[in-house]
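Bear in mind that the values in this text are calculations on the coordinates, not laboratory data. Predicted model, so just to flag it, every value in this text is computed and none were measured. Methodologically, a virtual Cβ is constructed for each residue, glycine included, from the backbone with ideal geometry; neighbour enumeration extends over all protein chains shown.
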Amino acid sequence: MRIGVIGGGAIGVAAASWMQRDGAEVFILEPNGIGNGASFGNAGCFNPSSVVPMSMPGMLHKVPGWLFDPLGPLSIRWPYLPTIAPWLLRFIKAGSRDRVEGQAQALRALLRDSPDAWAPLVRNAGAEHLVRRNGHLVVYRSKQAFEGDALGWKLRADTGIPFQVLGEDELRQQEPALSPDYRLGVFIPDNGHTTNPNALVNALADAFQRDGGTLIKGRARGLAFEGSVLSGIETDAGVVPADRVVIAAGAFSKPLAAELGDAIPLDTERGYHIMIRDPEVMPRTSMMDAEGKFVCTPMEGGLRLAGTVEFAGLEAAPDMRRAHNLLTLGRRLFPGLASSYPEERLSTWMGFRPSLPDSLPVIGHSRRSREVVYAFGHGHVGIAGAAQTGRIVADLLAGRSPSIDITAFSPARFGAASQLPSS
């Protein structure tokens with residue numbers, strides 16, 4: 001069986017690697033190089049604790065303050081508002097109490113063993129040096145702010161995630177360089193991170209090629225069928241033959257799914273990062289500022305500050321002021337960082353998080369053909385959920401039952417896109 005994977009990010013490479021282990025002939029189709037999309041610039045966290053949906057009860061009243069704060073975690077390019085409005089309405093509806101509990105349970109199943117799920121692929125690629133499993137810290141400026149996140153911590157507790165609440169003295173022992181403005185923290189011991197997400201995905205892709213897999217540079221334009229039978233992937237350079245196809249093209253997956261009859265309300269939460277080379281301060285673990293909604297991660301190339309959500313679609317130019325805003329927030333977190341940096345010590349990035357309004361990815365067979373499997377829309381948990389998603393995809397295409405219930409991730413939850421083409 002010849003399987004084509006559309007997309008060379010963490011999800012696609014993990015899926016290709018697991019299917020290769022089943023003995024399939026696998027190729028990855030990617031136009032821009034392995035790991036150069038969202039997998040390049042994310043915060044790098046393998047967090048089984050990331051079960052809290054983005055839309056939560058009570059969030060709506062915070063939105064105006066975020067939008068009018070230049071350092072706030074949310075931005076909407078106003079010309080894009082008519083386009084994103086239906087997505088935002090779905091997002092708000094997804095934040096009801098009963099729905100977020102179900103979403104958290106589904107995410108817990110997907111992320112439960114995130115570092116362990118990665119381990120076989122990482123070992124095969126000889127990439128153990130890129131993985132740390134030393135926990136994750138969430139910090140707050142006040143007890144009141146912590147109590148405002150009570151439902152999120154209850155969701156984590158209800159899904160069996162261990163964590164330890166740290167008082168001011170314990171927090172200072174955990175991170176001595178942290179600003180004294182932070183009075184409380186929560187340590188999550190089972191979390192981990194990669195010190196270079198792009199290098200990790202490329203190491204897996206190198207191992208995939210070493211073991212007989214193929215990389216093809218090209219852009220998928222659609223799928224080719226002979227009658228009702230899949231025959232390949234339509235690309236810029238013609239049809240690439242394939243018996244099965246995995247659509248793992250991240251933010252660019254929506255039109256491919258629509259062609260197959262699935263109406264997936266996929267949009268992009270554009271995220272930013274800034275990297276500081278040779279920083280004066282380096283945290284011991286990855287860390288999230290709960291109120292600022294950003295993550296700082298110690299990496300090979302320096303300190304990465306990553307986060308924010310910007311709704312502006314796939315075409316608008318990046319607004320790198322948002323990346324530099326993260327540096328301002330980072331200095332609040334770590335006063336020991338320099339007040340200014342020469343250009344050569346900083347790098348910035350913007351990427352597209354493929355996001356769905358209920359915070360759950362799409363994993364499952366397409367409406368038109370069971371020969372096509374979707375694996376996209378992971379939002380903020382792409383690197384955390386990639387290995388487990390890849391294993392599920394391999395199970396589906398091999399005819400095995402996945403190890404977890406994937407009903408919540410079904411593409412059918414959104415309905416049909418349009419009349420399917422006649423066979």
- [ ] Please turn the phi angles of the stretch 220-229 into ³J(HN,Hα) values with the Karplus equation 6.51 cos²θ - 1.76 cosθ + 1.60 (θ = phi - 60°), one per residue in order, whole Hz, x for glycine and proline.
- [x] 6, 9, x, 10, 9, 10, 10, x, 9, 9
Open item on the list: In the stretch 1-108, if the dipole is taken from +1 on Lys/Arg beta carbons and -1 on Asp/Glu beta carbons about the Cα centre, which of M54, I6, L29 is farthest to the positive end?
Closed with: M54
TODO: Fewest Cβ neighbours within 10 Å first, please rank I276, I6 accordingly.
DONE: I276, I6
Task: Radius 11 Å from Cβ of G250, net charge of other residues (Lys, Arg +1; Asp, Glu -1) - done: +1
TODO: Mind running the shape call on the stretch 206-280? Use the C-alpha gyration tensor, a ≥ b ≥ c as the square roots of the eigenvalues: rounded below 1.5 for a/c, prolate if a/b tops b/c, oblate otherwise.
DONE: oblate
Open item on the list: How much length would be gained if the chain were fully extended between R2 and D211, taking 0.36 nm per residue of separation minus their Cα-Cα distance, in nm to one decimal?
Closed with: 73.7 nm
Open item on the list: Under a Cβ-only charge scheme (Lys and Arg +1, Asp and Glu -1), can you give me the dipole magnitude of the stretch 191-279 about the Cα centre, in debye to the nearest 20?
Closed with: 220
Open item on the list: Could you identify which residue out of G232, G382, G301 has the top mean-square fluctuation in a GNM of the chain using Cα springs shorter than 10 Å?
Closed with: G301
Open item on the list: Are there any trypsin sites (Lys or Arg not before Pro) in the stretch 230-288 that are in a DSSP loop and have at most 14 other Cβ atoms within 10 Å? List them by number.
Closed with: R277, R284
Open item on the list: Can you find, among A251, L74, G399, the residue sitting farthest towards the positive end of the charge dipole of the chain, where Lys and Arg contribute +1 and Asp and Glu -1 at Cβ?
Closed with: L74
Open item on the list: I need the shape label for the chain. Rule: rounded when a/c is under 1.5, else prolate if a/b > b/c, else oblate, with a, b, c from the alpha carbon gyration tensor.
Closed with: prolate
- [ ] Please figure out what share of the DSSP beta bridges in the chain is antiparallel and state it in percent, rounded to the nearest 5.
- [x] 70
- [ ] Please order T159, T195 by the number of other Cβ within 10 Å, starting at the fewest.
- [x] T195, T159
Open item on the list: Nearest 500 deg cm²/dmol is fine: what mean residue ellipticity at 222 nm does the chain get from its DSSP H runs of n ≥ 4 alone, each adding -39,500 (n - 2.57), divided by its residue count?
Closed with: -9500 deg cm²/dmol
Open item on the list: Need the full-extension length gain, A237 to Y341, defined as separation in residues times 0.36 nm minus the C-alpha distance. One decimal, nm.
Closed with: 32.9 nm
- [ ] Pop a pseudo-label 7 angstrom from the Cα along the beta-carbon direction at both L314 and E147 and give the gap in nm to one decimal.
- [x] 4.6
Task: Where labels lie 7 Å past Cα in the beta-carbon direction, separation of E280 and L67 in nm - done: 3.8
Open item on the list: Can you classify the stretch 44-141 as rounded, prolate or oblate using the Cα gyration tensor, where a ≥ b ≥ c are the square roots of its eigenvalues, rounded means a/c under 1.5, and otherwise it's prolate if a/b beats b/c and oblate if not?
Closed with: prolate
TODO: In a Gaussian network model over the chain where Cα atoms closer than 10 Å are linked, find which of L88, L397, L204 has the largest mean-square fluctuation.
DONE: L88
